Structures are given as structure tokens and as C-alpha cells.
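Novice: Structure provided below as C-alpha cells; questions to follow.
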Amino acid sequence: MTAEELSDSLGKRFGEKIQAKTEFRGETSYTIAPSGLREIAKFCRDELSFNYLLDITSIDNFSEEPRFEIIYHLYSMSHAVHLRLKLKVPEEVGAIDTVSDIWPTANWHEREIYDMMGIKFNGHPDLRRILMWDGYPYYPLRKDFPLEGLPSEMPDVAFTKVTPMEGGPFVTVPSTATSKDREPRARPPDL
């Protein structure tokens with residue numbers, strides 16, 4: 001089965017739930033309605049042989065509506081074809097259905113998106129923070145999260161006050177040096 005045949009069968013089956021189709025460099029992306037995610041995901045896995053979930057990514061389109069976008073990167077090992085499923089999530093909704101029972105690798109990807117962006121996944125078996133500590137009140141990958149961080153009320157855990165921008169742990173010093181030499185961990189402690 002070719003990439004065109006795979007995408008055509010998806011388009012014929014879910015025409016009303018597909019909002020847009022994009023072709024770029026031989027790869028197909030479908031923008032779908034969030035309500036059709038589970039049905040389309042199961043069809044992609046069972047009928048079209050997209051048996052490998054490469055990644056799930058999220059985008060914060062701050063000041064646009066809908067604010068968030070979730071992208072599922074799929075691969076069919078038997079047909080050597082890539083496919084992307086995109087869905088837009090309004091900020092007030094803030095939750096979509098999990099696909100962790102369809103592709104088990106989605107478990108940690110969904111946890112990371114929840115932890116960094118604050119988007120919840122309905123039906124997820126263990127939706128808790130994966131990178132930040134429990135009780136951390138912010139979502140660091142949202143575009144409204146300041147680069148210098150935010151103060152925390154949790155003593156002895158990471159930073160308890162706002163990190164200074166100049167010479168901070170994640171900020172390089174402006175210079176003509178190479179990236180390797182500007183990297184904060186490469187600088188001597190007296191700088």
C-alpha cells in the first residue's frame with residue numbers, strides 16, 4: 001500500500017472529521033477534530049498499519065485561538081510511511097482523550113505534555129507530573145511562562161525565588177566565543 005492509498009482510505013472513511021490535509025516533502029498531515037481522535041487513531045493502527053507512535057508534540061499558539069495544538073507522529077513499519085495527525089485544543093477545554101491504550105508509548109508523551117503545557121488527557125492511567133515536582137503550580141513550556149522563571153513556595157526544591165537573567169543557569173553570556181565556550185556549565189565559577 002502506498003502513502004497515497006493510505007491517506008486516501010483515511011480521507012474516505014473520516015471525511016467529516018478531517019478538517020484539513022497537508023502534503024509536505026512526501027509526508028501527509030491531517031488536521032482532525034478532537035472528538036474523532038480515538039476513532040481515527042484506532043483506524044490508523046488497525047486498518048492502515050500505523051503501528052508505531054514516534055512522538056506526540058504540543059504547540060502553544062499564545063494569543064491565538066485555539067491556543068494549543070497536539071501533533072501525533074505515526075509510522076507504518078510495514079509500509080514505510082509517515083503520517084501526522086494534528087488537532088487544535090482551545091484553552092478553555094484543556095483536555096483531550098488519551099491514546100495510551102492504543103499506543104502504549106503515548107503514556108509518557110502525554111504525561112510530559114500535561115507537565116509542561118497543562119493539557120490533560122481524559123482516561124490516562126497515571127496522569128501525573130513527569131519532570132516537575134508534584135504541586136508545582138506552573139507549566140514551563142507555555143509561552144506566557146517567563147524565561148527567568150517564577151518563584152516557588154516549596155523550600156529546598158529547585159529555585160525558591162526568580163532566577164536572575166544575567167548569568168543565570170540557563171542563560172549564556174554574550175560574547176564572540178563559540179557555543180561550547182558560552183555554555184553556562186563550561187564557564188569558571190568566578191564569572
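Novice: Filter the range 17-35 down to residues that are over 12 Å from H82 (Cα atoms) and surrounded by 11 or more Cβ atoms within 10 Å (Cβ to Cβ), then give me how many there are. Give the steps one after another, and end with the answer.
Specialist: Step one: filter the range 17-35 for residues over 12 Å from H82 (Cα atoms), giving 17-22, 31-35.
Next, from what is left, pick out any that are surrounded by 11 or more Cβ atoms within 10 Å (Cβ to Cβ): 17-19, 21-22, 31-35.
Within the range 17-35, residues that are over 12 Å from H82 (Cα atoms) and surrounded by 11 or more Cβ atoms within 10 Å (Cβ to Cβ) number 10.
Novice: Follow-up question, since we're still on this one. Which is crowded, with 16+ Cβ neighbours inside 10 Å, in the same structural domain as S9 (by TED's automatic domain parsing) and out of contact with any strand residue (DSSP E or B) (no Cβ under 9 Å at 6 or more places or on another chain), of F62, F50, F43, F68? Talk me through it step by step, then tell me what you get.
Specialist: Numbers: F62 fails: crowded, with 16+ Cβ neighbours inside 10 Å; F50 fails: out of contact with any strand residue (DSSP E or B) (no Cβ under 9 Å at 6 or more places or on another chain); F68 fails: out of contact with any strand residue (DSSP E or B) (no Cβ under 9 Å at 6 or more places or on another chain).
One residue alone meets the criteria, F43.
Novice: Additional query: Any residue at all in the range 14-25 that is in a loop (DSSP other than H, G, I, E, B) and in contact (Cβ under 8 Å) with a residue 60 or more places away in the chain?
Specialist: There is no residue in the range 14-25 that is in a loop (DSSP other than H, G, I, E, B) and in contact (Cβ under 8 Å) with a residue 60 or more places away in the chain.
Novice: In the set L191, L127, L141, which member is modelled with pLDDT of 85 or more, outside the structural domain of N61 (by TED's automatic domain parsing) and aliphatic (A, V, I, L, M)? Steps first, answer last, please.
Specialist: Details: L191 fails: modelled with pLDDT of 85 or more; L127 fails: outside the structural domain of N61 (by TED's automatic domain parsing).
Result of the check over L191, L127, L141: L141.
So that you can scan it fast, the table gives a plain yes or no per residue for (1) without any contact (Cβ under 8 Å) to a residue 24 or more places away in the chain; (2) part of a strand (DSSP E or B); (3) in contact with a His (Cβ under 6 Å, 6 or more places away or on another chain); (4) of a type in the set (S, T, N, Q):
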{"position": "L74", "(1), (2), (3), (4)": "no, yes, no, no"}
{"position": "H82", "(1), (2), (3), (4)": "no, yes, no, no"}
{"position": "K86", "(1), (2), (3), (4)": "no, yes, no, no"}
{"position": "E91", "(1), (2), (3), (4)": "no, no, no, no"}
{"position": "Y114", "(1), (2), (3), (4)": "yes, no, no, no"}
{"position": "R142", "(1), (2), (3), (4)": "no, no, no, no"}
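Novice: Residues T105, T98: which one is buried (at least 18 other Cβ atoms within 10 Å of the Cβ), closer than 19 Å to F50 by Cα and assigned by TED's automatic domain parsing to the domain that holds R67?
Specialist: Details: T105 fails: buried (at least 18 other Cβ atoms within 10 Å of the Cβ).
Going through T105, T98 in turn, just one is buried (at least 18 other Cβ atoms within 10 Å of the Cβ), closer than 19 Å to F50 by Cα and assigned by TED's automatic domain parsing to the domain that holds R67: T98.
The values are calculated or read from the model by the stated rules, or taken from the named source; none is laboratory data. Worth saying up front: this structure is predicted, and the values here are computed from it rather than measured. Quick reminder, even Gly has a Cβ in these numbers, built from the backbone with ideal geometry, and neighbours come from all protein chains shown.
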